[in-house]
Structures are given as structure tokens and as C-alpha cells.
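Asker: Dropping the structure in here first, questions after.
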Amino acid sequence: MALLFSRIAMIRVFLILFLTFSDNNGFLRGIASLGINYGQIGNNLPQPENVLDLLISLKLTKARIYDTNPQILSAFANSSVELIVTVENQMLASLIDPQQALQWVSTRIQPYVPATRITGISVGNEVFTDDDTALLAYLVPAVVNIHGALAQLGLDGYIKVSTSNSLAVLSESFPPSAGTFNTEVLGVMSQFLHFLSSTESPFWINAYPYFAYKDKPDDVPLDYVLFKPNSGMDDPFTKLHYDNMLYAQVDAVIFAIARMGFNGVEVRVSETGWPSKGDSDEVGATLENAAAYNKNILRRQMNNEGTPLRPNMRVEVYLFALFNEDLKPGPTSERNYGLFQPDCTMAYNVGLSSLSSPSSSTLSNPSSSTLSSDPSSTSSASISLASSATKDANTESLAVYWMVVCLLTFQVLIRRAY
């Protein structure tokens, strides 16, 4: 009997290791909680097919676009990349009509699925804080109608509907336990959160610690916003410790949602990033800071971390952005959030293992990769998230090793049993 239990225990160890380090298909997985924003406000951006090649080389399987560009939706067909698409703000008014919403889904979404893996629809972007306050009245009806159209077409099972929100939707965010929504949006927010709760959809937040530092560089420690080693801060009410601002911002949103009575809604970061260049008054917008911020987020994502408030629920994060976009209006920083230049060379090196650009034959040859920690490097390269650093590569190799050991042991025990 003891031998039997020993064999069962060994089988359980094998199964746990295998499930921990593999995806649903049995392959070793990359970073399931990391995505990237693919903006298109530029006149020199690569073709969608080349963008897909780049994403595949990065082993990124999640991306977000700000429209329903048919070229992108077609190019991403039959790939492993999941897409969140966006209903432009100016279309919200028409979507309060259920028939218009059905037509939108029938023409913008249905023709492309399931070949193109559309998993989310953001109905508008930062509507709660938009200068056009009339949009707010359209939001919930549009969200409900888009979801209803998906359900009518049998697509609601795997496409979630939500909207991306600016952190400015909070009136209080510090300490995190004080998180509270602006009073002027509480009525619509309650309706919106009820929808998210009933459909098990996420609350998306665009969170940028960069802005907090830029506005008050003397009050906000740079290491705290860049995920570097620092003393951090303790929430005086929850006693939770925070070593970075992004997680504090996410938890502030969670507290604000809980105050509305919807504690179970998941919060995901639909945008976060750091500009590598800015105007003279844009404090902190440097190449070195951008490299540090994104590199440290990538390292956190490798560990599938949760926030102090929800440590066992990994935070899904979409970096902003894939490319520098030369036609974006506003200050210089707006055109310099990209990890890559439009020609697919790196805007800076985030310290991960690099591969040649998608147009190079070495893209398909991982053995040609090199490790660089020089944030100023702009060589023709892309980053591989599956083997980002020695520690992560060793972890994955160790996982494979133990999976093999467990499998062989399991086979030996089975043979002894018979």
C-alpha cells in the first residue's frame, strides 16, 4: 500500500510540473499575461504582415489595436496572436441602436473569426474622461448592444466587451485603499460595472506612472516608478507594501470598484509605458528611463505577478507601444513610446535577448541571438520574451529537465508494478 501511494505521489508531481510549465497544447508557454499596443498613427509603419512576423519573433501572443483595420484582421488570421479591437469614440452614438450594433459586429468582427483570434472589443477609449462629455451617455447602451450582437451571432463565448479607461477616472488613488471614482461618473460607472460583473468581463485601465513622476518629480521617487529597488510605501489602512507605483494604481482601481459593490471584477492594464524622448518640460522622458521601465515590467511579467491586494491573480499588462508613431499630435513624448522604430529596429534595448529584424533570415534562427544590456543600442533587432535572460532561460531548461526525470521515473514505477 505504501508503495502504491509513493507511485501516486510521483505521478502527481509530474502532472503538477507539466501543467505549471506548459500551455493547453502541452508546449512550454511564454508570458501569458503580456500584450502590446499596436498603434497606426504614422506614415512609415511596416505592413501588417511584417508586424505579425515581428510579434511572432517576440513570442508575443496578445496585441491591441485602436480600430478594426481589415488589413490587420486579415493579416493576423491563422496566427497565434490574440487581438483586442476598438470601436472608435465617434461611433458610439450610432451604436445605441441595437440594429446598428448588430451591423457593426456583422461587418467588422464576424467575417474574421475564428481565423483571426479576436478576444476583446474596447467600446471607445477613455470615454469616462473624454472632453466630449456627451459620449458618456452612449457608453453603456453601446456596450450592451455590442455584447447583444455578439450573443445573437454566437460570438459572446470568447469575445469580451469592455472599455479602456484613463486613471483620471479616479478622484483618489493614494493610498491605494482610498481609491474612489469621480463623483460625476458614478451613475454611469455603476451601470458599466454591473455589465462587467454579469458578463465576467475585465475593467481595463490605462495606467502611466510616468505622468505622476513628470508632474511631481520632487515628490515621486524615480526608482519607485521604474520598478527599481526602493523602500516603497505601505498603505496605512491595509498595511500592504508596494514597491512600485503601477501595482499601487491597479489596486486603487480595485478598491474603487469594490466601493461600488463589484469586488469580483478583474482589473487589467490596457496601456502602460514610458517615452524615450520628450520636450524640455517633460521631466523623465529619457531613453534610459524608458528602457528601465519596460525591462522591469517584462521581468515582473515573467513571474506572472499579482498586486499586493490580489497576489494570486496575475496582472495582465499591455505595453504601450510597439512602434514610435510620427503623426501623433501633442508633445514630443507622444511620438516616442515605441519599443521599435517603424523599420523594426529597436528604439532601445530593454536588456533581453535579441534576434535579427523580421526581414532577416536569422529571425528563424534563435541560435544567433545575443544578450545586450545597453539601453542605447538601436541595432536591427527584436526581443525574445521566451528566453529573456539567463535566469529565465535556466528556469525553463530546469523545468524541461524535471519533466523528463519525472516521466522516466513514472515509466519505471509503472513497469515495476507489472
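Asker: For GLU172, enumerate residues with amide H under 5 Å from its amide H, sequence gap 5+ or separate chain, H modeled in the peptide plane.
Answerer: Sorted by chain and number, the residues that satisfy this are THR180.
Asker: Is segment 31-387 rounded, prolate or oblate when judged by the Cα gyration tensor, a ≥ b ≥ c being the square roots of its eigenvalues, rounded requiring a/c under 1.5 and prolate requiring a/b larger than b/c?
Answerer: Numbers: a/c = 1.66, a/b = 1.10, b/c = 1.51.
Cα axes put segment 31-387 in the oblate bin.
Asker: To continue, here is another question. Would you mind calculating the relative contact order of segment 31-387 from Cα pairs under 8 angstrom and at least 6 residues apart, reporting the percent as a whole number? Before the final figure, lay out each step's value.
Answerer: Working: 751 pairs, mean separation 65.3, N = 357.
RCO, segment 31-387: 18 percent.
Asker: Scan around PHE203 for amide H atoms under 5 Å from its own, H built in the peptide plane at 1.01 Å from N, and keep only partners 5 or more places away or cross-chain.
Answerer: GLU266, VAL267, ARG268
Asker: Which distance in nm do the two modelled labels at ASP215 and ASP132 give, with both placed 7 Å along the Cα-to-Cβ direction?
Answerer: About 2.5 nm separates the two model spin labels.
Asker: Starting from the 7 Å offset along Cα-to-Cβ, what nm value, one decimal, do you get for the label separation of ASP223 and ASN263?
Answerer: Each label point is offset 7 Å from its Cα along the Cβ direction, giving 3.5 nm.
Asker: Find how much the distance from ALA151 to ILE41 grows on full extension, using 0.36 nm per residue of separation minus their present alpha carbon separation; answer in nm with one decimal. Intermediate results must be reported in sequence, preceding the final value.
Answerer: Numbers: separation 110, 0.36 × 110 = 39.60 nm, distance 3.21 nm.
Taking 0.36 nm per residue and subtracting the Cα distance, the gain is 36.4 nm.
Asker: Next question, about the same structure. Give a residue-ordered list of calculated ³J(HN,Hα) values for segment 181-195 (Karplus: 6.51 cos²θ - 1.76 cosθ + 1.60, θ = phi - 60°; whole Hz; x for Gly, Pro).
Answerer: With the stated coefficients, segment 181-195 comes to 6, 4, 4, 5, 10, 4, x, 5, 4, 4, 5, 5, 5, 4, 4 Hz.
Asker: Can you list the equivalent-ellipsoid semi-axes of segment 171-268, largest first and in whole Å, using the square root of 5 times each Cα gyration tensor eigenvalue? Don't skip to the end; give the middle numbers.
Answerer: Numbers: eigenvalues 139, 36, 31 Å².
For segment 171-268, the semi-axes come out at 26, 14, 12 Å.
Asker: Using θ = phi - 60° and the Karplus form 6.51 cos²θ - 1.76 cosθ + 1.60, what ³J(HN,Hα) does each residue of segment 282-296 get, whole Hz, x for Gly and Pro?
Answerer: Taking θ as phi minus 60°, the curve returns 9, 5, x, 7, 10, 4, 4, 5, 4, 4, 5, 4, 5, 4, 6 Hz for segment 282-296.
Asker: What residues qualify as long-range amide H neighbours of ASN125, i.e. H under 5 Å apart, gap of 5 or more or another chain, H built at 1.01 Å from N?
Answerer: Counting only residues 5 or more places away or on other chains, the set is ASN89.
Asker: Read phi for every residue in segment 245-262 and hand back ³J(HN,Hα) as whole Hz from Karplus 6.51 cos²θ - 1.76 cosθ + 1.60, θ = phi - 60°, with x for Gly and Pro.
Answerer: These are the phi-based 3J(HN,Hα) values: 6, 4, 5, 5, 5, 4, 5, 4, 5, 4, 5, 4, 5, 4, 4, 8, x, 10 Hz.
Coordinate-derived values only; no laboratory data. The model shown is predicted, which means the values in this text are computed figures rather than measured ones. With ideal geometry, Cβ positions are generated from the backbone for all residues, glycine too; neighbour counts draw on all protein chains shown.
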